[in-house]
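These notes are about the structure you will find just below.
The values are calculated or read from the model by the stated rules, or taken from the named source; none is laboratory data. Fair warning: this is a prediction, and the values are worked out from it, not measured in the lab. Don't worry about glycine lacking a Cβ; one is built from the backbone with ideal geometry, like all the others, and counts go over all protein chains shown.
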Amino acid sequence: MIYVRWTLFLVFWSLVAGFLLYTLPRHDIIRVTGIETKLQNVSSYPIFWATGDVAAPQSTQRDVFFVYGVTPDGNTKVYRNEDTGWGWPPFFKFDSGDDQADFAAVVSEASDPRWVSLRHYGWRMVIFSSYPNTLSVQEVTSPDARIIPWMNILVLLSLAAIYWALRVRWLRFRRNRLDPILTSVDNWFAGIMHRWRN
C-alpha cells in the first residue's frame, strides 16, 4: 500500500510541477534572426495553441506569427506569437500584431547583434508541433543581462502560502474532529472483539 501512496504522491506533484513549468513565463535572451507568418492547422493538438485572433471566428486553420532567434551560445529557437485573449493562461495578450512589429524592428545579423529579452510560456515539442508562445520583447544591452522573474516568485510564494494554510487547517481538523471519532470507533471495535473472544 505504501508503494501506491508514494506513486500517487509523485504523479500528483509531477503533474503540478509540469503545469507550472508550462504556464509560468520564462525569459530567453536571444538575437532575433527573422519573423514569418505561416498558415497552420491547429486542430491536431489544440491544447498547445492559443485561441488565435480574438476578433476573428475560430477555425482549424489560421495564420500564425512565428519568431526565429539564436541564443548567445548559438542554439536556434522558434516561438509562436499568438494572442491568449481571455483564455488560459491568463496573460490577457491581445497585441500579437504589435509584438510582431516589435520583433521586426530588432531583427539583426551576427555581425551586428541586437539582444532582446523574450518573455514566453510553453514548451517546444517537435512531436506535437508545439512552440512556446511569446508574451513580450524588450531590448537588452548585452547577452549577459540578468532578468529577475518577479511574477514567478510572487506566484510560487502565493501557492506555497495557500498550500501551507490548507495543510494547517486540515491537520487541525483531523486532530480535533476525525481522530476522536476514529479512536472511539477503534475502542468500540476492540471492545466487541474482546467480548467475542471471551
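Taking the criterion of being modelled with pLDDT under 90, more than 25 Å from ASP73 (Cα to Cα), among the aromatic types (Phe, Trp, Tyr) and more than 16 Å from the chain's Cα centre (by Cα), would at least one residue in the range 161-168 satisfy it? No, the range 161-168 contains no residue that is modelled with pLDDT under 90, more than 25 Å from ASP73 (Cα to Cα), among the aromatic types (Phe, Trp, Tyr) and more than 16 Å from the chain's Cα centre (by Cα). Applying the criterion of at least 1 residues that are modelled with pLDDT under 85 and surrounded by 13 or more Cβ atoms within 10 Å (Cβ to Cβ) to the strands (runs of 3 or more DSSP E) found wholly in the range 16-123 leaves 26-41, 61-70. Go through the range 96-138 and give me each residue that's over 18 Å from the mean Cα position of the chain (by Cα) and within 12 Å of PHE65 (Cα to Cα). Listed by number, the residues that qualify are SER96, GLY97, ASP98, ASP99, GLN100, ALA101, PHE103, ALA104.
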